[in-house]
Amino acid sequence: MKKDLLSLWDLGADEIRSLMRRAGELKHMRAMRQMHEPLAGMTLGMIFEKASTRTRVSFEVGMYELGGHAVYLATQGSQIGRGEPLRDTARVLAGYCHGIVIRTFGHDVAEELARFAPVPVINGLTDLSHPCQVLADLFTVWERLGPGALDPGGARFAWIGDGNNMAHSWIEAAAILGLDLSLACPEGYDPDAAVLGRARKNADWRAHIDVVRNPAEATRGRAVISTDVWASMGEEGEQAARVRAFDGFTVDDKLLQIAAPEVMVLHCLPAHRGEEITESVLEGPHSAVFQQAENRLHIQKAILERLLAPR
Ligand code: CP
Ligand code: NVA
């Protein structure tokens, strides 16, 4: 296991599968109200330069439940917002904290933090990727469709919408696990070419990853459909142009009709109902989104235990 979790490439297929199993065990222990405090006396620093509900709360509650503590640091109100170099913050926080989560814009910022902090650094979302979310998504598939769904030749996956940070982490997951993933993105909103290139170069030979323009083509017969907002945090100024560009990319009941009969729909949330997903799909029988959101807690605990617990 590497020191940091900056992208899914920091994990191998076996480590991803072992995190799934551990998240399942931790979820069961929590349901039984069984105390498990391997991180007693340990503290997680949490640097957030963007808004968050799920990531912040699941990490904070996760640390508490594992016997540790979390400290939240927003840009505004800390010296980060006044321009203190991150490389300084990295070394200072590492003197107090046993690990650091960062949510920021540039992925290079998270990489710099990891380089200068001698403690584990976890990517809580950058413009490039959102590995903790996709681990929770994979765990949700694991629970609902069984572990075999994440094996090569298992479930077939689709991504509908923006080739954004979430799409990138899905591409990495597909490459590492050997999954079949079809992404439908409008022209001009493809996943990053370097992310696709790295995935194709290093993929398990059984992986199949393609990018198409037509949501129906990506969806046909697929068992898992994922989507996300059309304008991510930091892209709010492009909202109107993106609504035009993504016309026809809404995950709606009509699209689900051509997917596998028991298709499950994932969305990392927050959702814009009526844009990337309809109210009827989000609240309908195929939606797994609130189980997926809850699973952030269980997967976060598995990650924290793996990276922070003294061995
Ligand atoms: N899905 C997700 O990361 O949600 P938050 O932005 O609320 O953390
Ligand atoms: N792609 C979205 C995900 C939010 C959890 C964003 O970056 O804003």
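For the chain, the longest principal axis of the Cα atoms and the long axis of helix 193-202 meet at an angle of about 90 degrees.
Give the order of Met264, Met35 when sorted by the count of other beta carbons within 10 angstrom, beginning with the fewest. Before the final figure, lay out the partial values.
Values: Met264 24, Met35 10.
Placing the least packed residue first, the sequence is Met35, Met264.
Under 5 Å between amide hydrogens, built in the peptide plane, is the criterion, and for Ala74 it picks out Phe48 among residues at least 5 positions away or on other chains.
Multiplying each eigenvalue of the alpha-carbon gyration tensor of the chain by 5 and taking the square root yields semi-axes of 31, 22, 18 Å, largest first, rounded to whole angstroms.
When all alpha carbon pairs of segment 213-273 are counted in 5 Å bins from zero, the resulting P(r) reads 4, 17, 26, 22, 17, 9, 4, 0 %. For a paramagnetic label modelled at 7 Å from the Cα of Arg213 toward its Cβ, which residues of segment 175-193 fall within the zone defined by backbone nitrogen distances under 14 Å? Within reach of a label on Arg213, which here means backbone N under 14 Å from a point 7 Å along Cα→Cβ, segment 175-193 contributes 184-190. When Trp159, Trp205, Trp230 are arranged by Cβ crowding within 10 Å, least crowded first, meaning fewest neighbours, the order is Trp205, Trp230, Trp159.
Dipole size of segment 139-274 about its Cα centre, with +1 on Lys/Arg Cβ and -1 on Asp/Glu Cβ: approximately 280 debye, rounded to the nearest 20. Computed from Cα atoms, the angle from the helix 289-308 axis to the main principal axis of the chain rounds to 40 degrees. Residue order for Ser169, Ser58, Ser280, fewest other beta carbons within 10 angstrom first, comes to Ser280, Ser58, Ser169. Candidates Ala184, Pro285, Leu256 compared by Cα position along the dipole of the chain: farthest toward the positive end lies Pro285, with charges placed on Cβ.
For segment 1-74, report the convex hull volume of the alpha-carbon atoms normalised per residue, in Å³, without decimals. Provide the component values of the computation, followed by the final result.
Values: hull volume 8.1 nm³, N = 74.
Output value, Cα hull per residue: 109 Å³.
Label positions at Glu84 and Arg311, each projected 7 Å from the Cα along the C-beta direction, are separated by 3.2 nm.
Share of pairwise Cα-Cα distances greater than 23 Å in segment 8-134 is 34 percent (whole percent). In the elastic network of the chain, a GNM with C-alpha springs shorter than 10 Å, the most mobile of Val101, Val212, Val251 is Val212. Projected onto the charge dipole of the chain (+1 at Lys/Arg Cβ, -1 at Asp/Glu Cβ, origin at the Cα centre), which of Ala245, Ser78, Thr219 gives the Cα projection farthest towards the positive end? Final value for the positive-end residue is Ser78. In this simple spin-label model, placing a label point 7 Å from the Cα along the Cα-to-Cβ direction at both Arg91 and Ala193 gives a separation of 3.9 nm. Its Cα centre serving as origin, segment 1-134 has a Cβ charge dipole (Lys and Arg +1, Asp and Glu -1) of approximately 340 debye. Report, to the nearest 10°, how far helix 13-31 tilts away from the longest principal axis of the Cα atoms in the chain, using its own Cα long axis and a range of 0 to 90°. Orientation of helix 13-31: about 80 degrees from the principal axis. Placing +1 on the Cβ of every Lys and Arg and -1 on the Cβ of every Asp and Glu, with nothing else charged, gives the chain a dipole about its Cα centre of roughly 900 debye.
All of the numbers you see were taken from the coordinates with simple rules; none came from a lab. Not measured: the values here are computed from a predicted model. Positions of Cβ are backbone-derived with ideal geometry, glycine not excepted, and every protein chain shown enters the neighbour counts.
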